[in-house]
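The values are calculated or read from the model by the stated rules, or taken from the named source; none is laboratory data. Just so we're clear, the structure is a prediction, and the values are computed from it rather than from any experiment. Here the Cβ positions follow ideal geometry from the backbone for every residue, glycine too, while neighbour counts run over all protein chains shown.
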Amino acid sequence: MPAKVEWQDEAGRLWDIVSMLRFAIKAGRSNGQEIKFSLRVRNTNNAPKLVVLKALCGPGDNMEPVITIMNLNED
C-alpha cells in the first residue's frame, strides 16, 4: 500500500480486487484460462485511476485449482 493514502487498507483493496474478479467471472468475460478485469485504484490522495488486471486459473502444487491475479504485462 502506498504510504499516507487516506481511506485505503490492504484488506479493503484485496476485497475490491476479488469482488471485481468475481463480477467479471459471472459476466463470462473469459477467453479460456485467462480473464481480464478492471477497477479503480487510489495510489495517491487524488482521483482513483483505472487499472486493468488479469487472472489465470491453473493447477497448484497438488493439482488443485489456483487463481493467480497479476498485471497485464506479467506472466
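Below are the figures for this structure:
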item	result
Residues of region 57-69 that turn out to be on the phi > 0 side of the Ramachandran plot and part of a strand (DSSP E or B), as a count	0
Which numbered condition Arg40 misses (of (1) touching a residue at least 12 places away in the same chain (Cβ under 8 Å); (2) in a strand (DSSP E or B))	(1)
Condition broken by Lys54, with the remaining ones in (1) charged (D, E, K, R); (2) modelled with pLDDT under 90; (3) surrounded by 10 or more Cβ atoms within 10 Å (Cβ to Cβ) satisfied	(2)
Residue selected from region 28-37 under the condition outside any loop (DSSP other than H, G, I, E, B) and over 23 Å from Asp9 (Cα atoms), by the criterion modelled with the lowest pLDDT	Ser30
Sole exception among (1) surrounded by 13 or more Cβ atoms within 10 Å (Cβ to Cβ); (2) at positive phi for Gly32, by number	(1)
Ile69 being touching a helix residue (DSSP H, G or I) at 6+ places or on another chain (Cβ under 7 Å), of a type in the set (Val, Ile, Thr) and modelled with pLDDT of 90 or more	yes
Residue list for region 4-24, filter: outside any helix (DSSP H, G or I) and either at positive phi or surrounded by fewer than 11 Cβ atoms within 10 Å (Cβ to Cβ) (or both)	Lys4, Glu6, Trp7, Asp9
Single condition Lys54 does not satisfy, out of (1) touching a Pro at 6+ places or on another chain (Cβ under 8 Å); (2) outside any loop (DSSP other than H, G, I, E, B)	(1)
